[in-house]
Amino acid sequence: MQAQADGHWLVTGALVLDTVPALWAERNRLLKPGQTVLDLQGVDRADSAGVALLVSLLREARTSQTSLEFANIPAQLRSLARVSGVDDLLPESRT
């Protein structure tokens, strides 16, 4: 995960069971009061643990007064979210 601009982060690589714990540990850096956008264009692989991470980050964002949005959600990740019944929970950024 790389900071791109104030409140914008680029996520690269895999969002899978093996990588989720390290990303979850970074949540305090991400979820600052205000707006955060996670750009997922660099995600090349995802599984249900990756989808669960995004949903959990949304829940944490609510408690930290953060408006969290996702940009450039890859088709595979969007499909997994749809199959899991949570695609409507993943707000996609217009920026």
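The values are calculated or read from the model by the stated rules, or taken from the named source; none is laboratory data. Here the structure is a predicted model, which is why all the values come from computation and not from measurement. Cβ placement follows ideal geometry from the backbone for every residue including glycine, while neighbour counts extend to all protein chains displayed. Just so you know, the surface numbers come from the protein's heavy atoms only, side chains and all, with ligands and any DNA or RNA stripped out. Shrake-Rupley method; radii C 1.70, N 1.55, O 1.52, S 1.80 Å.
Which net charge results when you count Lys and Arg as +1 and Asp and Glu as -1 among the other residues whose beta-carbon is under 13 Å from that of residue 78? Intermediate results must be reported in sequence, preceding the final value.
Numbers: positive: 82; negative: 87, 88, 92.
Within the 13 Å Cβ shell, the charges total -2.
Roughly how many percent of the accessible protein surface of the chain is carbon and sulfur, given a 1.4 Å probe and a whole-percent answer? Write down the numbers at each step before the final one.
Numbers: 2660 of 5410 Å².
Ligands and nucleic acids excluded, carbon and sulfur give 49 percent.
Per residue, the chain exposes 57 Å² of solvent-accessible protein surface, assessed with a 1.4 angstrom probe and all protein chains in place. Taking θ as phi - 60° and the Karplus parameters 6.51, -1.76 and 1.60, the scalar couplings of the range 22-35 work out to 5, 5, 4, 5, 8, 4, 5, 5, 7, 9, 8, x, x, 10 Hz in sequence order, x denoting glycine and proline.
Write out the GluC sites (Glu not before Pro) in the range 26-80 meeting two conditions: DSSP loop, and at most 14 other Cβ atoms within 10 Å of their Cβ. Provide the component values of the computation, followed by the final result.
Details: sites: 26, 60, 69; in loops: 26.
When the GluC sites (Glu not before Pro) of the range 26-80 are filtered for loop state and at most 14 Cβ neighbours within 10 Å, 26 remain.
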